[in-house]
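Shown next, in structure tokens, is the structure this report addresses.
The numbers here are math on the coordinates, done by the rules we state, and not lab data. On a predicted model such as this, the values are computed, not experimentally measured, just so you know. Using ideal geometry, Cβ is built from the backbone for each residue, glycine included, and neighbour counts are taken over all protein chains shown.
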Amino acid sequence: MHDDVEQVRTRIDIVDLVGERVQLKRSGSSWRGLCPFHTEKTPSFHVNPQRGRYTCFGCQATGDVFDWVMRTENVDFRGALEILAARAGITLSKKSGPSSDNVERILDALEFAAKHFQRELLRNPLALHYAHSRGLDETTIGAWEIGFAPEDAESLPAALKSGGIRLEDAAAGGLLSGSPSEGYLPFFRGRLMFPIRNDKGRVVAFGARAFGNDEPKYLNSRDTIVFNKSQTLYGLHLAKKPLMGLRSIVITEGYLDVIACHRSGIETAVAPLGTAMNERHVEAIRRWADRVTLLYDSDSAGRKAARRANALLSPAGLQVRLGVLPIGADPDSLFSSQGAVALREVVDAAVSPLRFEVVALRQELGESSEDFWKEAKSVLASSNDILERDQLIAELAATHSNARFGLQAAIDALRKEVESLTPSRKRKQSQIDSNDSLIELPAAAERMVLRSALRTELREEAIEALADDGLIVTLPGIELKSALLSVLDTQPELDAGEILQSIPEESRSMFASMERPSEGPVTEQALKESIQRLRREREIRLKKAALERSMSDEDLVEYFRLKGRS
């Protein structure tokens, strides 16, 4: 293994390899270009052919040819070694152990079976009619290699034998049940077949859908040495190319949902296989995406599954949004009834987990019920996102019982009710406990803008907001704004660590408090929403000031007297 690695390393020119994805220009003894791993306008990405390494001085990405392939192709080290060996024309030494040949024979059996099932679908009018009734046209059937497993117990074993496939290998791949002494029977019979390919494009398993109301409706291959359903995502072999550029994935619940998404132009859609999302799925998703849209069925089971998935994805650092489908719909049925545009609109309009909870409660209970208000207030009280919580309170207030006294009265009443449910251990977001003392911090929306200025991909928009007069108004916010701009005005390409080292110690302490997990992730969407809120608040202040300027002295006295009483 070590000899293979060193041989490949010496045969691969890192400049040629990286140059296939990055436009490089010579800069002294190295080459320079725009980093492919983060957004930048001034090149900070360097490739050193003498050392055989690349380094980005902006996002700190660094590595050799193997690291490059692992990151750009989303493969493990062995996968990178195989890709580079093929590129260099090097034959790798065989893996230790006897299983390598077995794996290849099993994969060959699965690939053969996929072709057999496709031929059987075209031969069976009833199966083909059922596929068409599910909205699967000839193009879709071909693109997704959909097939049919006949009821005939001899069909698959006979085909495998005629193709030179050992039945033992087919059984090891989950295609057959039985043993050499007792004989073999097909695992799948009388079902529509969906080949499951891994991220390298190899058939590793099958998903099967029953006709009509037969149970189980869906049946997946059992786990084998080439397939583990707890870490495999259906459709990833087609989604991985667009994912490399978008880093935004759509997760659905079933094969037909994935296919409907791809037919609608949502080409990063995938689905877990016959099991609830787990930590292994999350690991696989993190390799390909930073943002996740959950597009689950709109029934109670689908909403429950979406909540469970979010509970795994969000703590892993992934930005999660949830699509809200019409009641009773799933992605496949919505595509079939309303078309591609309707499905894309659901994905584009996906909401935050907090808003999804409120929408789901509204769908389940109705806003007029006491149960809705009890559950909704509990959900709002549990959130750390003060900005969105206030937005939802303002939206819900229109149907609150106090709305008869005016919208503002309803907002104030609902906010007090929510705050009364907030656990006492939660600090106000403007004050964070730090070393047994309270540090006064900027307002929530200001904090998001200030934190965004440390992120190179969001810095331009954040700095524009910081420079906008009257947007940052709290004293701590103004202090941090001045500290940041004094550094970034002359050195805009510094990374977060370098910026923090260049500002006063008290400013660094405030940033440390603002970067705690309770503050939530910094995202482009959160930045935009925070800027919009700050602009709305500035507009309100300006209108109030204009009103006060237009009043007579007597009116002002009365105005401030009433204001003081309120």
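Couplings for the range 158-170, taken from phi via the Karplus curve 6.51 cos²θ - 1.76 cosθ + 1.60 with θ = phi - 60°, read 5, 5, 4, 4, 5, x, x, 9, 6, 5, 4, 5, 5 Hz in order; Gly and Pro are left as x. Relative protection proxy for 106-113, 53-60, 501-508, from highest mean packing down: 106-113, 53-60, 501-508 (other beta-carbon atoms within 10 angstrom). Show me, bin by bin at 20 Å from 0, the whole-percent P(r) of the chain based on Cα pairs. Binned Cα distances yield the sequence 16, 41, 31, 10, 1, 0. Can you check what the net charge comes to around Ala149, using other residues whose Cβ is under 11 Å from the Cβ of Ala149 (Lys, Arg +1; Asp, Glu -1)? Neighbourhood net charge equals 0.
Label zone of Arg508 (point 7 Å out along Cα→Cβ, amide N under 12 Å): in the range 484-502 this covers 497-502.
The alpha-carbon positions of the range 99-220 define a convex hull whose volume is 109 Å³ per residue. Can you tell me what percent of all Cα-Cα pairs in the range 431-547 are more than 25 Å apart? More than 25 Å apart: 19 percent of the Cα pairs in the range 431-547.
Kindly identify the range 357-421 as rounded, prolate or oblate by the Cα gyration tensor criterion: order the square roots of the eigenvalues as a ≥ b ≥ c, call it rounded if a/c is under 1.5, otherwise compare a/b with b/c, prolate if a/b is larger, else oblate. Before the final figure, lay out each step's value.
Working: a/c = 1.62, a/b = 1.07, b/c = 1.52.
Verdict is oblate for the range 357-421.
How far is helix 2-11 tilted off the main Cα axis of the chain, in degrees rounded to 10, range 0 to 90? Tilt relative to the chain: about 70 degrees. Once every Cα of the range 227-314 carries one equal point scatterer and solvent is ignored, give the base-10 log of I(q)/I(0) from the Debye formula at q = 0.15 Å⁻¹, two decimals. Computed log10 I(q)/I(0) values: -0.48.
Modelled spin labels at Ala316 and Lys416, positioned 7 Å past Cα toward Cβ, are 4.4 nm from each other. Peptide packing for 377-390, 39-52 was compared via the average number of neighbouring C-beta atoms within 10 Å per residue; ordered from the highest value, the list is 377-390, 39-52.
Specify the angular offset, from 0 to 90 degrees and rounded to the nearest 10, of the alpha carbon long axis of helix 386-396 from the longest principal axis of the alpha carbons in the chain. Helix 386-396 and the main axis of the chain meet at about 90 degrees.
When the Cα atoms of the range 247-292 are aligned to their principal axes, the ranges along those axes come out at 28, 24, 10 Å in descending order. Our coupling estimate for the range 325-340, obtained by passing each phi through the Karplus curve with A = 6.51, B = -1.76, C = 1.60 and θ = phi - 60°, is 8, x, 4, x, 9, 10, x, 5, 5, 5, 4, 5, 8, 10, x, 5 Hz, Gly and Pro reported as x. This model, with +1 at the C-beta of Lys and Arg and -1 at the C-beta of Asp and Glu, gives the range 233-350 a dipole about its Cα centre of some 400 debye. Take the Cα of Gln7, step 7 Å toward its Cβ, do the same at Gln391, and the gap between the two points is 5.7 nm.
Charge dipole (Cα centre; +1 on Lys/Arg Cβ, -1 on Asp/Glu Cβ; no other charges) of the chain amounts to roughly 340 debye.
Each peptide in 162-173, 533-544, 341-352 receives the mean, over its residues, of other Cβ atoms within 10 Å, and ordering these scores from highest gives 162-173, 341-352, 533-544. With a ≥ b ≥ c taken as the square roots of the eigenvalues of the C-alpha gyration tensor of the range 2-88, please select rounded if a/c is under 1.5 and otherwise prolate if a/b is larger than b/c or oblate if it is not? Here the range 2-88 falls in the prolate category. Note on the chain: dipole from Cβ charges, positive end direction compared against Ala397, Leu273, Ala316; the farthest Cα belongs to Leu273.
Cysteine residues of the chain whose Cβ has no partner cysteine Cβ closer than 4.7 Å: Cys59, Cys261. Helix 370-381 and the longest principal axis of the C-alpha atoms of the chain enclose an angle of approximately 80°.
Listed values for the range 145-151 are Karplus-derived 3J(HN,Hα) couplings in whole Hz (6.51 cos²θ - 1.76 cosθ + 1.60, θ = phi - 60°), namely 6, 6, x, 9, 9, x, 5, and x replaces Gly and Pro. Summing charges over neighbours of Asn48, with a neighbour being any other residue whose Cβ is under 13 Å away from its Cβ, gives +2 when K and R count +1 and D and E count -1. Could you list, in their original order, any pairs among Lys229/Lys528; Lys41/Lys543; Lys240/Lys304; Lys217/Lys377; Lys241/Lys528 whose Cα atoms are separated by more than 30 Å? From Lys229/Lys528; Lys41/Lys543; Lys240/Lys304; Lys217/Lys377; Lys241/Lys528, over 30 Å: Lys229/Lys528; Lys41/Lys543; Lys217/Lys377. Projecting label points 7 angstrom from Cα along Cα→Cβ for Asn213 and Glu370 puts them 3.9 nm apart.
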